[in-house]
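To keep things clear, I will list the structure first and then write my remarks on it.
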Amino acid sequence: MTPAQLRAFSATVRLGSVKAAAAELAVTEAAVSTHVAHLRKELGDKLFTRTAQGLAFTPGGLRLASRAAELLGLQDRTILEVRQAGSGRRLLRVAASSLFAEHAAPGLIELFAGRADDLDVELSVHSPQRFGALLVNRAVDVAIGPPPATATATAVVGDESMPVAMAMNCTPFLNYQLIAVVGPDHPLATGAAGGAGVRELREQTWLLGPSAVGRVGMVPSVLRCLGVPEHNQRIFQSHAAAVEEAKRGKGVALAVAFAVAKDIAGGGLCRLDAPALPARGSWNVLALADREEPPTAAELRRFVTTPRAIQAMLRGTGVTAGRFRPAIHVTLWS
């Protein structure tokens, strides 16, 4: 069983066809088929069959797909560690929810990375639903966002979700409140102190950041609780952009309370008392448990609970992307 064979099979599973896998790997379809044939012979399993609806994977094929992603991720991690050892530098790869990445990550990462001259931090934004698979596949070293539904990491293979025998360390470190805000000229601002009813809120235009995409997290939970229809939701590329629109009276925004405290105190925003709000959430650091956890991930988990780290996250440093080494890779939605 070679890495080339595993990459060919993994790409076939992920893309759903040998042709697509060959195109991604820049090889011929015959090469992919040969790699899969070798795996079938060695493992004594068909792995998948072709049907009118596409590829149908056997239980053994799904298990191999899960392990292949894990093994390939471990191989990439090993190559990275060897190169780092040779260059004398370390790299911590952090996945974060969009809400945490925008409001609290800059202060935390600047302070954490500044403690060691040999440490680079790479931050990427992902849906919390992907955290388990990213950690299992060693695509990231640590993930930060809402608490997981389970302490067991889950790998996603095609349309299947497969639990794997890998527990996660989960360290809660910062509680926050999600509130509804409007501009001072918005019709609801005059009655902000008295609150707004559910029916009235459903009819408003909701100005939302990228965390509204998906079903996991505080923002989707609040929207479901209030029953806000999709046609009344406007999603912006950042939560700050949504709040800026709210200041202009364009609608209702959901905001992290500490991030808009100054605007509320200065009269630039008005806080609404509404059903299901304020919503209380927490941010957590997730990493593979025990010996599977990289040392830098364990170091970050310990650091985030310190008073200095909490203050840096709440205060924010306004750090620019240029301060991160290497550059931050941000994907707000697919």
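Taken over the range 15-59, the criterion of being touching a strand residue (DSSP E or B) at 6+ places or on another chain (Cβ under 8 Å), touching a residue at least 24 places away in the same chain (Cβ under 8 Å) and open to solvent by 60 Å² or more (accessible area, probe 1.4 Å) is satisfied by no residue. Residues in the range 245-277 that are open to solvent by 30 Å² or more (accessible area, probe 1.4 Å) and within 19 Å of residue 98 (Cα to Cα): 245, 258, 259.
Here residue 276 clears all of (1) assigned to a loop (DSSP other than H, G, I, E, B); (2) free of Cβ contacts under 8 Å to residues at least 24 places away in the same chain except the condition numbered (2). Out of 210, 220, one residue alone is open to solvent by less than 10 Å² (accessible area, probe 1.4 Å), in contact with a helix residue (DSSP H, G or I) (Cβ under 6 Å, 6 or more places away or on another chain) and under 25 Å from residue 172 (Cβ atoms). It is 210.
Any residue that is basic (Lys, Arg), within 30 Å of residue 176 (Cα to Cα) and within 23 Å of the chain's Cα centre (by Cα) - is there at least one of those in the range 63-74? Among the residues of the range 63-74, not one is basic (Lys, Arg), within 30 Å of residue 176 (Cα to Cα) and within 23 Å of the chain's Cα centre (by Cα), which makes the answer no.
The values are calculated or read from the model by the stated rules, or taken from the named source; none is laboratory data. As the structure is a prediction and not an experimental result, all values here were calculated from the model. Because the Cβ atoms are built from the backbone with ideal geometry, glycine has one as well, and the counts that use them run over all protein chains shown. To get the accessible areas, we keep the full protein, side chains included, count just its heavy atoms, and leave off ligands, DNA and RNA. Shrake-Rupley method; radii C 1.70, N 1.55, O 1.52, S 1.80 Å.
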